[in-house]
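Take a look at the structure set out below.
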Amino acid sequence: MNIIVCIKQVPDVKEVSWDPKTGSLIRKGIPSIINPNDKNAIEAALQLRERHGGEVTVLSMGPSQVEDALREALGMGVDKAIQLTSKEFAGSDTWATSYALGLAVRKIAQYDLIICGKEAIDGMTAQVGPQLAECLNIPQLTYALEIEVTNSKVKIKQKLGDFHRLLEAPMPALITVEREANKPRVAPMDTILEAYGKEITLWDADDLDGEDENFGLKGSPTKLTRVYTPKLIKGKVEMLEGGPEEAARKCVEKIRARYII
Amino acid sequence: MDFTLSPESKMMVKAASDFCEKEILPIADSIIENNDYPEDLLVKFAKVRMLGLAVPKEYGGVGTTNLNIILIAEELGKTGTVCAWPMLMNNSTAETIYRWGSEAVREKFLPPLCDGSAYASTAFTEPATGSDPTAITTTAVPDGDDFIVNGAKRYITGGNKKGYGVFYVKDGELKDQKANVTALIVDKSSEGYTTSAPWEFMGLEGMNCVDVFFKDVRVPKSNVLGERGNGFRILLHWIAVERIEQAGYMVGLGQAALDQAVKYTKERLVRGKPMAFMQGIQWMLGDMKSRVDACRYLTYRAACIHDEEGPFDVVSSELKIFVVPTIQEVTRMALQIHGAYGYSKEYKIEGLFRIAAHAGIVASSTELNKTIAGSALVR
């Protein structure tokens, strides 16, 4: 079984701060990491490979430093890595990203599953996975907690708020995984050494055979108009007297009085 | 001279750090409470291939550099736990077996030391001797294809854990010769092999240091490591490796103490301002940082000399002389910055301070190493 895992390199948000004057992210000196949720996608793929055999290919679009993320994925044990790097891809929104990834997947051709993280910690749109499935016209199974493959079909347990749903689809299919789906493995020391002996395949816009106007900023319908930190509204603290039930009742009354519920 | 770590080394450091966060820190308190680590700890190290790091792949190892081992030891040192020692003991013992062992010995003993199925030990010290080979009383008397071993060893790390140990014994057939110490690889589940309860050491809860007793223990002659009578030379090699590993661990410990101190000074307010803004505190932090960095690069240098197959016995002694007291002082300064809180078990620095105390004594004393380094200058 051949699996493609799409990953994104993101700034380590634990280290990120905002410039209050410009409202923009201060990225200088911030280390980049594999989007944590994408590590769950890699782990899910590696576990499926251990059960069913085959190959895991990791795919990422971004500037040259994306190589670090791909090497880390190779260190975790994936078999191959493909990097989409081209100035034409700069400024891509989720749609343009899905378009380029879709072309790359078509070029890879031989695959049974695509696995993505549910969402990236920088954008938090959760759009790329589903859009990629639409782009390729394959079934999408989102928010997976568990994945099982039997007889050319894939089944997942989907997390849907407080509910779980069991979904099934023929392969090839695309799955997005939740953070709780697994605990990503620590890269073994020998695999790390091997990771640096492997070649990373580089594809640019010309290699993907797509329409120029669909790449990057030109192909992105989303236009970012402003980034800002919402102003905090300072209120008065009021302590409610009484036992837990009585205090809760008073609290609900006050919220109702303000038409919040 | 290049002080930049390779991308592979950086990724190994990150992986070791991830491993510590995932597997070591969650069990840190229970190790102290139980005076023991979980039995599967070694298997966990094996799963991320942290065993047999210097052993070539054909024997089940990883085949990486000694510098990378030290970088991993540093990350383990940051946890302030004894978990580094089973891992480092397996690595240094396996490296020594690879270096000195015959092909048959390598094939028999290296795979279980690399796959986590055997805890390693190295045993020289006895109740009446710490570093004098002439004072060894544990004997190995030839009997057919075996030796019969009798005697006792003291402070043997992991001596009570199943696996193999390299035991240095007085060879019964060589007793009239000057070089009469033989290194024997002993199965720790052999009949007649017994151990005491673990010693209770300051800061080393869970270290599993025990006394080992041999009563007519049969050890195959094929388990001899290297040449008979060459044991002391093998021991000197192993202990030099161990000293560098210990220094790597101490650098990590010092870095953790510094990190704790920085965190505390940023959080603790004095007259409405964080302590970190006080010049006196900044001087202390700057002093600690420079000391940790000096220890780090001295240790890396020793590991690189080991990798280059240069003589590293004296440079490893320099680590005991400089790194050990320097890091001990760094942990003391970090404790001092914490004030009374630092003296409380509620704070990590208390444990770091206590565990640092072992390093001037374990794996040869600082004073002995001063003799080694000093005598080399006037020889």
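Please treat every number below as a calculation from the coordinates, not as lab data. Only a predicted model underlies this, so the values are computations on that prediction, with no experimental measurement involved. Neighbour counts are summed over all protein chains in view; Cβ atoms, including those assigned to glycine, are modelled from backbone coordinates with ideal geometry.
Each Cα pair under 8 Å and six or more residues apart adds its separation to the average, and for segment B:211-287 the resulting relative contact order is 14 percent.
Taking 0.36 nm per intervening residue step and subtracting the Cα-Cα distance, what contour gain separates B:Glu39 from B:Lys22 on full extension?
4.4 nm
Within a Cβ distance under 11 Å of A:Glu180, other residues only, what is the Lys/Arg minus Asp/Glu net charge? The partial results should precede the final answer.
On the way: positive: A:Lys118, A:Lys157, A:Lys159, A:Arg179, A:Lys183; negative: A:Glu146, A:Glu178.
Value of the local net charge: +3.
When chain A is treated as a GNM with alpha-carbon contacts under 10 Å, the residue of A:Asp190, A:Asp68, A:Asp112 showing the greatest mean-square fluctuation is A:Asp190.
Look at the dipole of the protein assembly as shown built from charges on Cβ: of B:Gln260, A:Leu166, B:Ile69, the Cα furthest out on the positive end belongs to B:Gln260.
Tell me which of B:Gln279, B:Leu41, B:Trp85 sits at the most positive position along the dipole axis of chain B, charges placed on C-beta atoms (Lys, Arg +1; Asp, Glu -1). Going by the charge dipole, the pick is B:Gln279. If only the Cβ of Lys and Arg carry +1 and only the Cβ of Asp and Glu carry -1, the dipole of segment B:42-177 around its Cα centre is close to 660 debye.
Name the shape class, rounded, prolate or oblate, that the alpha-carbon gyration tensor gives for segment B:223-379, where a ≥ b ≥ c are the square roots of its eigenvalues, rounded holds for a/c under 1.5, and otherwise prolate holds if a/b is larger than b/c and oblate otherwise. Taking the square roots of the gyration eigenvalues as a ≥ b ≥ c, segment B:223-379 is prolate. Filter the chymotrypsin sites (Phe, Trp or Tyr not before Pro) in segment A:1-110 down to the DSSP loop ones having no more than 14 other Cβ atoms within 10 Å, then list what survives. In loop regions of segment A:1-110 (DSSP not H, G, I, E or B), there are no sparsely surrounded chymotrypsin sites (Phe, Trp or Tyr not before Pro). Each Cα pair under 8 Å and six or more residues apart adds its separation to the average, and for segment A:2-214 the resulting relative contact order is 26 percent. You can think of it this way: the chain between B:Phe277 and B:Arg99 has 58.9 nm of extra reach, that is 0.36 nm per residue less the Cα-Cα gap.
The amide H of B:Glu126, built 1.01 Å from its N in the peptide plane, has B:Arg154 as neighbours under 5 Å, considering only residues 5 or more places off or on other chains. The mean number of Cβ atoms from other chains found within 10 Å of a Cβ in peptide B:8-18 is 5, as a whole number.
Shown here for segment B:224-311: GluC sites (Glu not before Pro) in loop regions (DSSP other than H, G, I, E, B) with at most 11 other Cβ atoms within 10 Å, namely B:Glu308, B:Glu309. Dipole magnitude for segment B:233-378: about 700 debye, using +1 per Lys or Arg Cβ and -1 per Asp or Glu Cβ, origin at the Cα centre. Note on segment A:1-118: antiparallel DSSP beta bridges, both residues inside, total approximately 25 percent of the bridges counted. Restricting the trypsin sites (Lys or Arg not before Pro) of segment B:248-315 to loop positions (DSSP other than H, G, I, E, B) with no more than 11 neighbouring Cβ atoms within 10 Å leaves B:Arg271.
DSSP beta bridges in the protein assembly as shown, what fraction antiparallel, as a percent rounded to 5?
Bridges in the protein assembly as shown that DSSP calls antiparallel: roughly 60 percent.
Note the count of lysine pairs whose C-alpha atoms are less than 26 angstrom apart in segment B:241-368, limited to pairs 8 or more residues apart or on different chains. Pairs that pass both the separation and distance tests number 14. Think of chain B as a dipole: +1 on every Lys or Arg Cβ, -1 on every Asp or Glu Cβ, centred on the Cα centre; then among B:Val217, B:Ala183, B:Cys20, B:Cys20 lies furthest on the positive end. What are the ³J(HN,Hα) couplings of segment B:242-251, residue after residue, when phi is run through the Karplus curve with 6.51, -1.76, 1.60 and θ = phi - 60°? Round to Hz, x for glycine and proline. With coefficients 6.51, -1.76 and 1.60, one gets 4, 5, 5, 4, 4, 5, x, 4, 5, 4 Hz. Net charge dipole, chain B: roughly 1000 debye, given to the nearest 20, about the Cα centre with Cβ charges of +1 for Lys and Arg and -1 for Asp and Glu. Per residue, the average separation of C-alpha pairs within less than 8 Å and at least 6 apart gives segment B:281-373 a relative contact order of 32 percent.
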